[in-house]
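The values are calculated or read from the model by the stated rules, or taken from the named source; none is laboratory data. What you see is a predicted model; the values in this text were computed from it and never measured. A quick note on method: Cβ atoms are made from the backbone with ideal geometry, for glycine too, and the neighbour counts reach across all protein chains shown. Please note that ligands, DNA and RNA were not included when accessible areas were found on the heavy atoms of the full protein model with its side chains. Shrake-Rupley method; radii C 1.70, N 1.55, O 1.52, S 1.80 Å.
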Amino acid sequence: MAQVADTTPGRRTLLGAAVAGTAALGAVGTGVAKAAATPGEVRHGRRLPVPAVIAHRGASGYRPEHTLGSYQLALDMGAHVIEQDLVPTKDGHLVCRHENDITGTTDIATRPEFASRRTTKSIDGVSITGWFTEDLTLAELKTLRAEERIPATRRENTLYDGRWQIPTFEEVLRWADKEGRRRGHPVWLHVETKHPSYFRGVGLGLEERLSKLLRRYGRHRADSPVFLQSFEPSSIQRLARSVSSPRVVLLSGASTRPWDFVQSGDPRTVADLVKPDGLEWIASYAQGIGPTLDLIIPRDADGRLGTPTTLVRDAHAKGLILHPYTMRNENAFLPADFRRGTDPNAYGDAFGAFKVYFEQGIDGIFTDQADTGLLAREDFVSG
């Protein structure tokens with residue numbers, strides 16, 4: 001097993017590792033100042049618990065994802081950070097959807113006025129047929145209603161189908177500011193640019209639009225309560241040139257390549273990026289990584305957890321925080337070690353799984369059920 005993280009509450013109460021150099025020194029751009037401190041120390045102008053519980057698309061285990069209802073419930077549960085994924089509309093507004101294909105997350109398929117908009121596109125090398133945000137104006141998109149993305153798994157969530165519109169990111173920023181004033185502390189956001197190379201190619205670049213909004217709402221500084229994330233390193237590099245907000249590079253399976261690497265001919269895979277040299281390169285323009293949980297503890301052919309990798313230790317050595325994804329309560333998503341019974345949609349031993357991942361020394365974790373994550377975190381930090 002990897003070395004177990006220090007669980008003393010005093011060492012695990014503040015945002016740790018690398019937001020560090022840039023937050024402490026106000027650095028902007030491609031460089032990250034390396035400060036001699038360990039994960040768990042003060043690294044940010046604003047406090048954030050470690051490990052932090054990050055609400056994945058809001059309270060997506062209980063409400064249709066990326067709706068104000070989902071975000072509000074996650075915040076009310078006590079989640080430390082709320083996640084948004086951003087895609088653009090035809091007229092350039094940033095809206096919150098996991099994908100630009102909204103076939104399965106809205107009622108658009110039942111709306112005859114949009115039947116002619118159904119089309120097939122290649123998104124990051126994958127052919128997809130459906131309806132896409134970039135083919136609708138914001139006014140048109142606002143006539144739609146959000147629906148549960150995986151109704152077969154989360155049948156209870158379908159009760160809320162049709163209750164909420166798709167929010168713009170600006171609406172979320174206003175909501176976060178209002179809630180922050182009401183609660184007396186800032187509401188942290190974790191904001192992802194989705195398919196940035198694709199959107200830049202169709203004239204709807206995300207980074208400039210996002211940077212403009214961050215500046216308008218005062219979340220463009222190194223100590224701002226926001227993380228900017230992307231699976232494409234070049235998107236994070238572009239953001240680093242325009243805002244100082246903390247930045248996180250997302251990392252998928254070890255054998256995969258970021259889409260911007262595919263387009264540019266960069267032969268490196270995620271397996272290369274999680275090596276010390278790759279982490280050093282990431283640390284030159286970002287403050288953290290968001291790896292899939294399997295990069296921290298791989299699963300074997302039976303879906304059981306294997307031997308932890310050295311990724312947490314190696315990333316911390318380069319001054320990077322780690323926000324891995326995604327913990328979910330349902331058996332279908334848990335490692336086989338923690339599944340209970342034969343129903344894939346029933347809850348397994350999520351608390352046991354959280355404990356194992358927290359023991360690796362991660363700085364935060366994405367979860368669909370923030371309440372479960374918060375209870376698991378409390379068990380962990382209290383020993």
Determine if the stretch 299-308 includes at least one residue that is closer than 30 Å to residue 245 by Cβ and among the aliphatic types (A, V, I, L, M). no
Name the single residue that is farthest from residue 308 (Cα to Cα) among those in the stretch 318-367 being acidic (Asp, Glu) and outside any loop (DSSP other than H, G, I, E, B). 330
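Give the number of residues within the stretch 342-383 that are under 12 Å from residue 53 (Cα atoms) and not small (Gly, Ala, Ser). Working first, answer last.
We begin by selecting, within the stretch 342-383, every residue under 12 Å from residue 53 (Cα atoms); these are 354, 358, 362-378.
Now restrict to residues that are not small (Gly, Ala, Ser): 354, 358, 362-363, 365-369, 371-372, 374-375, 377-378.
Of the residues in that region, 15 qualify.
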Has the stretch 79-87 got at least one residue that is part of a loop (DSSP other than H, G, I, E, B), surrounded by 16 or more Cβ atoms within 10 Å (Cβ to Cβ), in contact with a helix residue (DSSP H, G or I) (Cβ under 8 Å, 6 or more places away or on another chain) and modelled with pLDDT of 95 or more? yes
Output for Cβ contacts, cut-off 6 Å, separation at least six or different chains, first residue over 30 Å from residue 313 (Cβ atoms) in the stretch 332-361, second among the β-branched types (Val, Ile, Thr) and surrounded by 13 or more Cβ atoms within 10 Å (Cβ to Cβ), reads 345/153
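Return the residues of the stretch 189-207 that are basic (Lys, Arg) and closer than 18 Å to residue 245 by Cα; say none if nothing qualifies.
Here is the first cut: in the stretch 189-207, the ones basic (Lys, Arg) are 194, 200.
Once the filter is applied, which keeps residues that are basic (Lys, Arg) and closer than 18 Å to residue 245 by Cα, the stretch 189-207 yields only 194.
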Can you find, within the stretch 95-130, the residue that is farthest from the chain's Cα centre (by Cα) among those that are more than 23 Å from residue 170 (Cα to Cα) and open to solvent by less than 20 Å² (accessible area, probe 1.4 Å)? 114
Scanning the stretch 274-285 residue by residue, those surrounded by 23 or more Cβ atoms within 10 Å (Cβ to Cβ) and in contact with a Pro (Cβ under 8 Å, 6 or more places away or on another chain) turn out to be 282
Being open to solvent by 40 Å² or more (accessible area, probe 1.4 Å) and of a type outside the set (Lys, Arg) is the filter; apply it to the stretch 182-197 and report the residue that is farthest from the chain's Cα centre (by Cα). 184
Residue tally, condition more than 17 Å from residue 292 (Cβ to Cβ) and touching a helix residue (DSSP H, G or I) at 6+ places or on another chain (Cβ under 6 Å), over the stretch 319-337: 2
Could you please give the count of residues in the stretch 131-141 that are acidic (Asp, Glu) and over 23 Å from the mean Cα position of the chain (by Cα)? 2
All positions within the stretch 92-120 that are free of Cβ contacts under 8 Å to residues at least 40 places away in the same chain and in contact with a strand residue (DSSP E or B) (Cβ under 6 Å, 6 or more places away or on another chain): 101, 103, 120
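Quick check on this structure: which one of 245, 235 is surrounded by 23 or more Cβ atoms within 10 Å (Cβ to Cβ) and part of a loop (DSSP other than H, G, I, E, B)?
Numbers: 235 fails: part of a loop (DSSP other than H, G, I, E, B).
Unique residue meeting the criteria: 245.
Report whether or not residue 302 is open to solvent by 10 Å² or more (accessible area, probe 1.4 Å), out of contact with any Leu (no Cβ under 7 Å at 6 or more places or on another chain) and within 22 Å of residue 125 (Cβ to Cβ). Steps first, please.
Details: open to solvent by 10 Å² or more (accessible area, probe 1.4 Å): yes; out of contact with any Leu (no Cβ under 7 Å at 6 or more places or on another chain): yes; within 22 Å of residue 125 (Cβ to Cβ): no.
Criteria not met by residue 302.
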Testing residue 315 on (1) open to solvent by 10 Å² or more (accessible area, probe 1.4 Å); (2) over 27 Å from residue 198 (Cα atoms); (3) in a helix (DSSP H, G or I); (4) among the hydrophobic types (A, V, I, L, M, F, W, C), one condition comes back false. Which one is that? (1)
